[in-house]
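Student: Sharing a structure below in structure tokens format, with a few things to ask.
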Amino acid sequence: MANEVSEDLAHPVQCPVCCKEFAASKINAHLDACLLNNDTCASSTSEYENGPPSKKTRISDDASFPKRPTVKANPSDAKQSKGTAPLSPVFHMFQSKRNNNGPVQIERDVLGSNKHIAVNAVSKGIKSNTLKIEPDVGHVEDPSVLNTLKTPRQTAHAWTLLTDKPLAEKLRPSTLEEYFGQNKLVGEHTLLRSLLDSQEIPSLILWGPPGCGKTTLAHIIASCCKKTGTARFVTLSATSTSTNEVREAIKQAHNELKLMKRKTILFIDEIHRFNKSQQDTFLPHVECGTVTLIGATTENPSFQVNSALLSRCRVLVLDKLSVEAMASILLRAVALLGINVLEQVSNSRPDEDESDADELRSEPKVYIEQKALDTIAHLCDGDARAGLNGLQLAVQARVGGARFGQSAAGSPPKDIVVLEEHVKEGLQRSHILYDKAGEEHYNCISALHKSMRGSHQNASLYWLGRMLEGGEDPLYVARRLVRFASEDVGMADPCALPQAVSAFQACHFIGMPECEVVLAQCVVYLARAPKSVEVLTAYSNVKASLRNHKGPLPSVPLQLRNAPTRLMKDLGYSKGYKYNPAYSGHVEQEYLPEELRHMDFFTWKPSDP
């Protein structure tokens, strides 16, 4: 055992600071002096033979403990380090050298030129430290290490799509010149454009479908404010912001206005997510001008925004983006990403500069069909976010597949082409704008009802398909068809009501998607059926008569009352009633109260209140 211990102590140990070798029994004494002044540390294993020096206080400041110690060449180590690159002065675990082939190499985990390297130094008698040292490419002499630390030149290429950030957020416009599709709102000589140019931004409610540019317009306003410094811009989301956070933002806005004389524009995304009491928080501050409120919503502000707050803001309606606007947005995206459109380049490879030759050999070029861009523009249904994210998904899949099936090293990479089928595979189906609980829900059912009322079977089928493909509950549609059978067809075709009830039962039995043809049959039947609203009109007149009647309602005539007891018969109940089946012809008798005997509800029109 003693022999093994003495043999371990005889093995040399490398100093993590100056990279020199010492006997294991001398390393602690050497470190005390080396850490204090690494430039004058001992250069041989024979120093400190009389024991370690007295301990001194260690000061880890920049003067006594430099973050990047410099290793000086020692003539005595010239032979030993010949043919090897000088080691980087990074702490490492103490290692016992079992052979004399050369100094122990230190592992490096290089994350990039802008990253830090953290290595733990642990040894007997020394506290564990973690040093973060930025790699200095200029101080590295080993060509292999230099190539590892080298940062590749950044270019606008489709490889940049392979990031966690959505493309719609990455390419969000910052100026009105890059903002497409809302020319009626922010075009030349419009009211909002004049207000933006004059930096007089009123409180606004931006209402429009998803992906039409509400948040982007708010960011453009913020960009204009930052350039001129006339106002500060604060962004909050109603989906994740509490009332206390809103109050804190308003408090800061009040202080900013009082101390700096600068206004605050408060942008609330998805403002309809706030309830009525939360929306009331903004009322006094918008009224007195402490904050300028900009709210974005996809729901109808008439129903989802407090009327008091709505009266203090101007509502701007953003339309769904057209196919032409979507095409412009997609072309801008592929241009910024360095993707070539196939119809815009020749069949042969375009000539490249010599400066780009190395890059072309290391990375493939990405192309996309013009037909694929047109498909995205049509299928995204005016949603720029869905269109850009669909483009990103298609290119990501192709680029990722090309990297996975990359050819052998040294061979030129193959170009990547995004075709129409790749885009369709990513989108799966048309992006249909439909909200089962929102504005579009009521718009579509109203369009279906009016199309059937107008006996337009083609339009009726279209609006039915729009609702079902958008995810509407088929039983809801069936219930509305039952109502339509009595409201608009009525007595003109008494079979319409049984048809609608049967369609409802069939939908309840089999569900979607099998029941869609049942609903289509019922919709076509009701659209083709003759229409009559006399029942609806007559019953509406009855309700109007009851609501407008003054005084107590007239009593039921005695002859129409039932007389199950003797007392009721003695009081005259059912006296004088003529049982109709007992007569062969028409029986003349009164069925209305005396006050209403001359009223015909089918022709009577209630007077205006």
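The values are calculated or read from the model by the stated rules, or taken from the named source; none is laboratory data. This one's a predicted model, so the numbers in the text were calculated from it and none came from an experiment. Positions of Cβ are generated from backbone atoms using ideal geometry, with glycine treated the same way; all protein chains shown enter the neighbour counts. Areas reflect the complete protein model, heavy atoms only, side chains present, ligands, DNA and RNA absent. Shrake-Rupley method; radii C 1.70, N 1.55, O 1.52, S 1.80 Å.
Student: Please give the peptides 596-606, 507-517 ranked by average Cβ packing (other Cβ atoms within 10 Å per residue), highest first, as a rough proxy for protection.
Tutor: Descending mean neighbour count gives 507-517, 596-606.
Student: Shape of segment 449-576 from its Cα gyration tensor (a ≥ b ≥ c, root eigenvalues): rounded if a/c is under 1.5, otherwise prolate when a/b > b/c, or oblate?
Tutor: prolate
Student: In whole Hz, with x marking every Gly and Pro, tabulate ³J(HN,Hα) for segment 366-383 from phi via Karplus 6.51 cos²θ - 1.76 cosθ + 1.60, θ = phi - 60°.
Tutor: These are the phi-based 3J(HN,Hα) values: 10, 10, 9, 6, 5, 5, 5, 5, 5, 5, 4, 4, 7, 7, 7, 6, x, 9 Hz.
Student: A further question on this structure: Rank-order 389-397, 26-34 by packing density, defined as the average count of other C-beta atoms within 10 Å over each peptide's residues, highest first.
Tutor: Final packing ranking: 389-397, 26-34.
Student: From largest accessible area down, sort Lys543, Lys371; use a 1.4 Å probe on the protein chains. Walk me through the numbers on the way to the answer.
Tutor: Details: Lys543 75, Lys371 115 Å².
I get Lys371, Lys543, largest accessible area first.
Student: What dipole magnitude, in Debye to the nearest 20, does segment 491-609 give about its Cα centre under +1 on Lys/Arg Cβ and -1 on Asp/Glu Cβ?
Tutor: Result for segment 491-609 is approximately 440 debye, rounded to the nearest 20.
Student: Can you pull the accessible area of Glu590 for me, 1.4 Å probe, Å² to the nearest 10?
Tutor: 80
Student: Once the Cα gyration tensor of segment 210-260 is diagonalised, what are the square roots of 5 times its eigenvalues, in whole Å and ordered largest first, as equivalent ellipsoid semi-axes?
Tutor: Semi-axes, largest first: 22, 19, 5 Å.
Student: Checking a compactness column here: for segment 179-295, what do you get for Rg(Cα) / (2.2 N^0.38 Å), N being the number of residues?
Tutor: Against the compact-globule rule of thumb, the ratio is 1.06.
Student: Under 5 Å between amide hydrogens, which residues at least 5 positions from Val418 or on another chain qualify, with H placed 1.01 Å from N in the peptide plane?
Tutor: HN-HN under 5 Å from Val418: Tyr367, Ile368, Glu369.
Student: So who's got an amide H within less than 5 Å of the one on Cys15, skipping anything under 5 residues away but keeping other chains? H placed 1.01 Å off N, in plane.
Tutor: When sequence neighbours closer than 5 places are left aside, the close amide H contacts are Lys20, Glu21, Phe22.
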